[in-house]
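These notes concern the structure reproduced below.
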Amino acid sequence: MTTVAAYAAPAAKAPLERTTIERRAVGEFDVLIDIKFAGICHSDIHQARDGWRPGTFPMVPGHEIAGVVSEVGPGVTKYAVGDRVGVGCMVDSCRECDNCKAGLEQYCSGGGPVWTYNGTGKDGQPTYGGYSQKIVVDQDYVVRIPDGLSLDVAAPLLCAGITTYSPLRHWNAGPGKKVAVVGLGGLGHVGVKLAHALGAEVTVLSQSLRKKDDGLKLGADHYYATSDPKTFEELAGTFDLILNTVSAPLDFAPYFSLLRTDGSMVNVGLPEEPVQIVLQTLFGNRRSVSSSGIGGIAETQEMLDFCAEHGVGAEIELISAEEINDAYERVLSSDVRYRFVIDTATI
Ligand SMILES: [Zn+2]
Ligand SMILES: [Zn+2]
């Protein structure tokens, strides 16, 4: 066991504070990672504040982890000391179910994946995330960060990147396809960069035109305000795919009307309350609505390699650990361009 400095929420809705946690000894197939950067994901706030389900406290959030391997177990073959690596939302899964075998570990049906924090490890102990200086992870749930990507801008790709990349790939975003990204926040801004790099024609649908210049710089071809009813008239029947990154509940019907025949609206932001869908708004054009959660380990590696090749990183604001609580408030008021990343040396 190693004692490690961390930032934790001692109880639901309590401010995060500095503490220490124990990391397990490095096992046969484990790597010890010196965490350099940890992104702040909106879901960290949902969980630290019990938005989705009762959490386990103290809670050390953080599932956008970038760092350097500092020790490996005797059975480790994939990584060596000094390698630049990342860890995303999960640190293990059953490895035996159909989903795990198909590289869809995030949908593990053998009890679900072991989440990086606010979960229970196979040793029965609570898992603690990236707002800490070190983490021990099985090599099979670690990904390599290519040399072309800086660790700080790579960190948010471990959740925001794969959460948008996986549905863009699954629903075939690419040349000749019209893709809309709803919301230009932590997820949305990466979604725009990725959809553009994949070759799709990209439209941002945002509440206002406040971030229009940014959106176009990030790679959007068009930018519309959803507060303007004319947007919905002008874009009716346009999109093959709408990627909704907003976690606040939406009135879905106007968005469905923007889909062409067989178009899909995929939701990766999760509202805390149930949403209502009127099926008639899908019926007329065989439209689909669905949701998608992160991506598998192999796909996460594919995403990082794609990002390195296409020069895609997150736009970040680097903060020290003592700024985490303020950063949470700023995320909730959409006052970040576009992802907070903690310099974990300051923990
Ligand atoms: Zn996340
Ligand atoms: Zn499984």
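The values are calculated or read from the model by the stated rules, or taken from the named source; none is laboratory data. Remember, it's a predicted structure, so these values are computed and weren't measured experimentally. Reconstructed Cβ throughout: ideal geometry from the backbone, glycine too, with neighbour counts over all protein chains shown.
The residue of segment 115-165 that is farthest from ligand 2 (Cβ to nearest atom), among those that are under 16 Å from the mean Cα position of the chain (by Cα) and part of a strand (DSSP E or B), is Val143. Of all the listed residues (Asp147, Asp152), the sole one being away from ligand 1 (no atom under 16 Å from the Cβ) and closer than 25 Å to Ile45 by Cβ is Asp152.
The requirement of being among the aliphatic types (A, V, I, L, M), surrounded by fewer than 24 Cβ atoms within 10 Å (Cβ to Cβ), more than 15 Å from the chain's Cα centre (by Cα) and away from ligand 1 (no atom under 13 Å from the Cβ) is fulfilled nowhere in segment 169-187; no residue meets it.
If the condition is being within 24 Å of Gly161 (Cα to Cα), surrounded by 16 or more Cβ atoms within 10 Å (Cβ to Cβ) and not small (Gly, Ala, Ser), then segment 227-251 contributes Phe239, Asp240, Leu241, Ile242, Leu243, Asn244, Thr245, Val246, Leu250. Pick from segment 271-287 the residues that are surrounded by 14 or more Cβ atoms within 10 Å (Cβ to Cβ) and closer than 19 Å to Trp171 by Cα: which of them is farthest from the chain's Cα centre (by Cα)? Within segment 271-287, the match that is farthest from the chain's Cα centre (by Cα) is Asn285.
Would you mention how many residues in segment 258-294 are closer than 17 Å to Val181 by Cβ and not hydrophobic (A, V, I, L, M, F, W, C)? Matching residues across segment 258-294 total 8. Restricting attention to segment 173-224, the residues that are under 24 Å from Ser43 (Cα atoms), touching a helix residue (DSSP H, G or I) at 6+ places or on another chain (Cβ under 9 Å), in a loop (DSSP other than H, G, I, E, B) and not hydrophobic (A, V, I, L, M, F, W, C) add up to 3. Listed by first and then second residue, the pairs linking a residue in segment 27-51 that is more than 16 Å from ligand 1 (Cβ to nearest atom) to a residue that is of a type in the set (Phe, Trp, Tyr) and at pLDDT 95 or above, with Cβ atoms under 8 Å apart and 6 or more places separating them unless they lie on different chains, are Val31/Tyr79. With respect to (1) in contact with an Asp or Glu (Cβ under 8 Å, 6 or more places away or on another chain); (2) buried (at least 24 other Cβ atoms within 10 Å of the Cβ); (3) of a type outside the set (Val, Ile, Thr), the lone exception for Gly121 is condition (2).
Selection of segment 36-82 for residues being of a type in the set (Asp, Glu), in a loop (DSSP other than H, G, I, E, B) and under 17 Å from Val114 (Cα atoms) yields only Glu64.
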